[in-house]
Structures are given as C-alpha cells and as structure tokens.
Amino acid sequence: MTLDFQHALLAPHYWGMVLITALLVGIAVFLHYEVLERLNFSMPHWTLNRRPRILLMIVVIIAVHIAEIWIFGIGIYCATLIPEFGAVIGVDHLRMLDAIYLFAATFSTVGYGDLAPVGPIRLILGTEALTGFVLITWSASFTYLEMQRYWRPH
C-alpha cells in the first residue's frame with residue numbers, strides 16, 4: 001500500500017467524511033423513495049384532470065430534488081466548518097448559498113467548476129454527483145410511467 005492510502009485509512013477525518021457521505025446519501029435516497037412512493041399511492045385518488053395531475057407531479061418531483069440539494073448543501077457547509085475535512089476554493093468565505101449552488105451544479109452533473117472542493121470533502125461531491133444522476137433518472141422513469149398511465153389523448 002502507498003503511504004497516502006495508509007494515511008487515509010488511519011486518519012479519523014477520512015472515516016468521518018465517509019460516515020457523513022453515507023448519511024447524506026441515505027437521507028436523500030430515503031426522502032426520494034418516500035416521495036415517489038406517496039405519489040404512486042396518491043395519484044390514482046387525485047380528482048384532477050390529466051394535465052394538472054402531471055403538472056402537480058412534476059412540481060412535487062422538482063421540490064424533492066431541491067430538498068435533496070439542500071440536504072447535501074447543508075452537509076457540505078457544516079463539513080467545511082471542520083478544517084480537517086477540507087474546504088471549497090473559489091470563494092473567500094463559503095456561505096450557505098454558495099454551498100447550495102455548488103451542490104446544485106454537482107447534483108445535476110453540470111459542474112461549472114468555479115467552486116471546487118479540496119481535501120476529504122471531495123468524497124461528498126463525487127458521491128453526490130452519482131446520487132444526483134441516479135435520483136434524476138429515477139424521477140424520469142417514474143414520470144414516464146405515470147405519463148403513460150395518465151397522459152392519454154381523449
């Protein structure tokens with residue numbers, strides 16, 4: 001094993017970052033699952049016509065994605081308060097909305113690059129990009145299935 005890898009395995013702040021990352025991913029996936037499950041259960045009982053039904057579903061899905069971005073943004077913001085976890089370069093002082101912006105760009109896999117993580121917090125951002133991709137495609141699949149069910153021409 002290389003010295004850097006051994007150092008990472010023995011450093012508590014690396015394990016702390018793994019734990020924080022797993023917690024954030026778990027919360028986001030659980031939230032996403034619960035919202036889609038509730039939509040799946042409740043949509044057949046809605047008395048809305050097809051267009052407002054699909055529109056409301058899309059608004060709910062966008063809202064859950066925004067909540068997931070905020071979950072990760074708050075997580076990274078809090079992680080940067082502990083210097084051993086790393087920092088975000090590109091700003092003099094990371095503010096909460098800077099962290100939310102960084103995570104929105106990462107979650108959507110746009111990744112502008114004007115803000116960049118350094119240190120162990122890179123694990124959160126790399127994992128969040130994968131999580132965002134999976135959750136967005138999950139939403140797209142759900143939307144496709146619901147549109148097949150409710151978006152029929154008269």
* Structure fact -> Only one of (1) surrounded by fewer than 17 Cβ atoms within 10 Å (Cβ to Cβ); (2) part of a helix (DSSP H, G or I); (3) in contact (Cβ under 8 Å) with a residue 12 or more places away in the chain; (4) not hydroxyl-bearing (Ser, Thr, Tyr) does not apply to Asp114, and that is (2)
* Asked: Which residues, taken from segment 14-37, are closer than 21 Å to Tyr144 by Cα and surrounded by 12 or more Cβ atoms within 10 Å (Cβ to Cβ)?
  -> Val29, Leu31, His32, Tyr33, Val35, Leu36
* Structure fact -> Residues of segment 91-111 being part of a loop (DSSP other than H, G, I, E, B) and within 10 Å of the chain's Cα centre (by Cα), in sequence order, are Ser108
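Given the residues Leu135, Leu145, Leu81, which is the only one that is surrounded by fewer than 13 Cβ atoms within 10 Å (Cβ to Cβ), at pLDDT 90 or above and either β-branched (Val, Ile, Thr) or closer than 21 Å to Met57 by Cα (or both)?
Numbers: Leu135 fails: surrounded by fewer than 13 Cβ atoms within 10 Å (Cβ to Cβ); Leu81 fails: either β-branched (Val, Ile, Thr) or closer than 21 Å to Met57 by Cα (or both).
After applying the criteria, what remains is Leu145.
I'd like the full set of residues that are among the aromatic types (Phe, Trp, Tyr) and touching a residue at least 60 places away in the same chain (Cβ under 8 Å), limited to segment 117-143.
As a first pass, look at segment 117-143 and keep what is among the aromatic types (Phe, Trp, Tyr): 133, 138, 142.
Answer for segment 117-143, where residues must be among the aromatic types (Phe, Trp, Tyr) and touching a residue at least 60 places away in the same chain (Cβ under 8 Å): Trp138, Phe142.
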* Asked: If you go through segment 38-53 one residue at a time, do you hit one that is modelled with pLDDT of 90 or more, surrounded by fewer than 12 Cβ atoms within 10 Å (Cβ to Cβ) and outside any helix (DSSP H, G or I)?
  -> yes
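The values are calculated or read from the model by the stated rules, or taken from the named source; none is laboratory data. Here the structure is a predicted model, which means the values were calculated and not measured. Using ideal geometry, Cβ is built from the backbone for each residue, glycine included, and neighbour counts are taken over all protein chains shown.
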